[in-house]
Structures are given as C-alpha cells and as structure tokens.
Amino acid sequence: MSSPRCVLIGASPAADPGWIRSQLLPDDCIVCADGGWVIAQKAGAAPRWIVGDFDSSPPPPAGFCERIIYLPTRKDDTDTLFAARLCLQEGFRDFLLLGMTGGRWDHSFANLSVLAFLAENSARAAAAEQGLRVQALSSGQQEEWKGCPGDGFGIFPFGCEEAFVTLRGFAYNGEALRLSSLLPIGVSNTVEKENALVRVDKGRAVFFLYASQI
C-alpha cells in the first residue's frame with residue numbers, strides 16, 4: 001500500500017482557503033509551515049505537524065495539533081524546507097505544496113528550490129494555486145497527465161546550466177531537447193493532446209502548467 005500524500009501548507013498572502021479545501025484528500029497528512037496553520041484552519045483542515053519560527057503569525061495554541069516544532073528565526077533552512085526534510089525522514093514520497101506561491105518573488109523562488117530538493121530525493125513534488133501547477137523533475141523522472149488542449153505550459157532548467165527534456169502532446173515537442181538557463185525557449189508552449197508527457201533526460205527542470213481545472 002502506498003503512503004498517503006503529504007500536503008505542505010504555507011502562508012502566502014495569495015492563498016485561497018476555500019480553493020485549498022477543494023484540493024485536499026481524506027487521507028492527506030497535512031503539515032504547516034509557519035503561518036500556514038492559519039490558512040489550514042480557515043480551510044477547515046487539521047494539521048498533523050506545524051513547523052516554524054512564527055514570524056508570519058502567532059504560534060498556534062498548545063494542543064492544536066499532534067506536534068509543534070519551534071525553529072529559531074536565524075537559520076539556514078526555510079520553515080518549508082525544514083518541514084520537507086522532516087516529512088522525507090518520515091517516509092513520505094508524494095508532496096503537494098499549497099499556499100506557497102503568489103506572494104513575494106523570493107519566497108516563491110525558494111519554494112521552487114524545495115520542489116527541486118524533493119525531486120532530488122526521489123519524491124514526486126508539485127506546488128499549486130488556482131489555475132497553476134508547478135513541478136520539478138530531476139534526471140530520469142517524468143510526469144504524465146490528462147490535459148486539456150489549450151492549457152498553457154512552460155519548462156526551464158532549474159539549479160543547472162542546461163537540461164535535456166522530452167515533450168510529447170504539446171504544440172512544440174521533441175526528444176532530448178536542450179534547454180539553456182540563459183535562453184528562455186521553454187516559454188509559451190501549449191498542450192495539444194489529451195495525454196501529455198514531460199521527461200527530464202538529463203539535468204533538472206521545473207515546469208508550469210496553466211489549466212482551468214486546477
């Protein structure tokens with residue numbers, strides 16, 4: 001039996017608690033980073049663990065969840081990365097990050113790094129907000145899904161100078177396509193077929209899928 005999905009909830013000011021509620025499954029393990037516990041509470045979600053230095057919200061009341069981990073304000077890991085490390089150690093390999101995008105650019109970029117960190121540790125990891133799904137893939141990893149023709153798509157190297165990717169089911173397809181971090185040729189692609197595939201043949205990449213059903 002596969003392990004349940006781990007949902008990490010952050011405190012992005014763009015987070016929509018109602019939409020987040022619609023994305024949750026009954027057996028999800030919910031872990032909140034810092035003020036994400038406030039978003040989870042508004043979404044009617046019960047976190048298992050809360051991790052943070054609580055610079056974006058007051059700490060939760062005692063007994064609010066199974067475990068509250070207090071972190072120092074001055075540290076190397078972000079609250080989200082610390083939570084991701086903890087959940088990997090607990091055996092989770094399927095992650096969805098909510099409330100992690102749409103706020104400050106540096107925070108959103110840092111959370112892309114968390115996606116890449118999880119992918120490098122053999123986990124499936126995506127971040128989502130309404131209308132957008134972001135996913136990191138490392139060498140040898142791939143993602144297939146049923147899309148809708150017209151969905152927007154973009155893919156770029158991440159944390160490396162170049163990546164080689166295979167795309168199928170898009171307006172622009174190819175095998176082992178070279179993407180350079182200095183040339184944004186992966187922008188403004190479009191899903192054309194119901195079944196789409198992205199594979200990273202070498203390197204690491206992050207892709208953005210814009211779809212109304214997300």
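The values are calculated or read from the model by the stated rules, or taken from the named source; none is laboratory data. From a predicted model like this one, the values you see are computed outputs, not experimental measurements. Cβ sites come from the backbone with ideal geometry, for glycine too, and all protein chains shown count toward neighbours.
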Scope the stretch 13-27; condition in a loop (DSSP other than H, G, I, E, B), touching a residue at least 40 places away in the same chain (Cβ under 8 Å) and surrounded by fewer than 23 Cβ atoms within 10 Å (Cβ to Cβ); matching residues: 13, 14, 16
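Per-residue answers, yes or no, for (1) assigned to a loop (DSSP other than H, G, I, E, B); (2) of a type in the set (A, V, I, L, M); (3) within 21 Å of residue 133 (Cβ to Cβ); (4) in contact with a strand residue (DSSP E or B) (Cβ under 8 Å, 6 or more places away or on another chain):
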{"site": "37", "(1), (2), (3), (4)": "no, no, no, yes"}
{"site": "46", "(1), (2), (3), (4)": "yes, yes, no, yes"}
{"site": "57", "(1), (2), (3), (4)": "yes, no, no, no"}
{"site": "61", "(1), (2), (3), (4)": "yes, no, no, no"}
{"site": "69", "(1), (2), (3), (4)": "no, yes, no, yes"}
{"site": "82", "(1), (2), (3), (4)": "no, no, no, yes"}
Boolean, residue 82 is at pLDDT below 95 and more than 14 Å from the chain's Cα centre (by Cα): no
Contacts under 6 angstrom Cβ, first residue in the stretch 142-164 being assigned by TED's automatic domain parsing to the domain that holds residue 188 and in contact (Cβ under 8 Å) with a residue 12 or more places away in the chain, partner of a type in the set (A, V, I, L, M, F, W, C) and not in a strand (DSSP E or B), 6 or more apart: 151/211; 154/187; 158/116; 159/116
Residue list for the stretch 184-198, restricted to those being more than 8 Å from residue 147 (Cβ to Cβ), in a strand (DSSP E or B) and touching a residue at least 40 places away in the same chain (Cβ under 8 Å): 190, 197, 198
Residue list for the stretch 47-103, filter: out of contact with any Gly (no Cβ under 8 Å at 6 or more places or on another chain), buried (at least 17 other Cβ atoms within 10 Å of the Cβ) and aromatic (Phe, Trp, Tyr): 49, 82, 92, 95
Residue count, the stretch 132-150 (criterion: modelled with pLDDT of 95 or more and assigned to a loop (DSSP other than H, G, I, E, B)): 3
Some residue of the stretch 100-108 being within 22 Å of residue 19 (Cα to Cα), outside any helix (DSSP H, G or I), in the same structural domain as residue 158 (by TED's automatic domain parsing) and modelled with pLDDT under 95: no
Some residue of the stretch 155-163 being more than 20 Å from residue 113 (Cβ to Cβ) and at pLDDT 95 or above: no
Exclusive hit being at pLDDT 95 or above and within 16 Å of residue 15 (Cβ to Cβ), set 112, 96, 88: 96
Residue under evaluation residue 122, criteria (1) in contact with a strand residue (DSSP E or B) (Cβ under 8 Å, 6 or more places away or on another chain); (2) within 18 Å of residue 6 (Cβ to Cβ), criterion not met: (1)
